[in-house]
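To start, the structure itself, in structure tokens.
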Amino acid sequence: MNNKNCLVIFCKNPDTQKVKTRLAKEIGREKAVEIYKKILDEIITKNKNSDYDLILYIKGDENYFSKYNLLTKQQVEGDLGKKMLTCFEDELKNYDKVVIVGSDMPEIDTKMIDNVFKKLDEFKLVFGPAYDGGYYLIAQKKPLDVFIDKWSHANVMRQTLDIALNKKYKFYLLEEKRDIDTKNDLEYYDEFNY
């Protein structure tokens, strides 16, 4: 821990955990795993040597991630909301600001993350809404429970924002982006040669 801000990437060991299951149904498991590894590697590479710390919150054993020489922590059991809230509670003991991203949106880079940290000077929450109705990024400077109970549906972002509005939390929305969950999403990212 060398910096006051931290980027956390939620990821799974692709050698021992199921990854990109919706995409795998369309293009096959082997190809989906290959794409997952490439996206994860891109996100880590783009953010590894930055002005903030990088931590991998993993599911599965650590072996796959040792090549990155980064701090890894196991995700807690429970739904995604519990996992993210616990991460914020734990990491905000050591950092002023924390950003959490998944491992399915290759455009996450230092420029984006630095902008998010600046936005947290003015807002309690920052979200990166995804085209599919979810979000690819959430950032906080104090652990705030804005998490829903049911995930993987088209109203995740809307329901999360409703919670934030009801609690009167001031938030900022980044540009809506497409994460990679389906074959159609892959076509959008042709420039990444997946």
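The values are calculated or read from the model by the stated rules, or taken from the named source; none is laboratory data. Since this is a predicted model, take the numbers as computed values, not measurements. Here Cβ is always computed from backbone atoms with ideal geometry, including for glycine, and neighbour counts include all displayed protein chains. The protein model used for the area step is the full one, side chains on, heavy atoms only, and it has no ligands, DNA or RNA in it. Shrake-Rupley method; radii C 1.70, N 1.55, O 1.52, S 1.80 Å.
List of remarks:
- GluC sites (Glu not before Pro) within the stretch 63-165: DSSP coil, no more than 15 neighbouring Cβ in 10 Å: Glu77, Glu122
- Placed amide H near Leu137: partners under 5 Å, 5+ positions off or other chain: Gly128
- Taking Lys83, Lys38, Lys111 in turn, the Gaussian network model of the chain (Cα-Cα springs below 10 Å) assigns the largest fluctuation to Lys111.
- With a cut-off of 12 Å on the backbone N, the residues of the stretch 131-172 near the modelled label site 7 Å out from Asn184 along Cα-Cβ are 131-133.
- Label-point separation, Glu122 to Lys31 (7 Å along Cα→Cβ), nm: 4.3
- Equivalent ellipsoid dimensions for the chain as semi-axes, Å, which come from the Cα gyration tensor, largest first: 24, 20, 16
- Cross-link check: pairs Lys4/Lys82; Lys93/Lys119; Lys25/Lys82; Lys59/Lys111; Lys38/Lys183; Lys46/Lys142 evaluated at a Cα-Cα cut-off of 22 Å; pairs beyond the cut-off: Lys4/Lys82; Lys25/Lys82; Lys59/Lys111; Lys46/Lys142.
- Quick note on the stretch 23-99: its Rg to Rh ratio, both from C-alpha atoms and Rh being the Kirkwood radius, is 1.00.
- Protein heavy-atom surface of the chain, 1.4 angstrom probe: 44% of the accessible area is carbon and sulfur, with nucleic acids and ligands not counted.
- Only Lys, Arg (+1) and Asp, Glu (-1) charged, at Cβ; the chain dipole about Cα centre in debye: 440
- The stretch 55-194: relative contact order in percent, alpha carbon pairs under 8 Å with at least 6 residues between: 22
- Cα-derived Rg to Rh of the stretch 83-194, Kirkwood definition: 0.97
- Among Tyr135, Tyr36, Tyr169, residue whose mean-square fluctuation peaks in a GNM of the chain (springs only between Cα atoms under 10 Å): Tyr169
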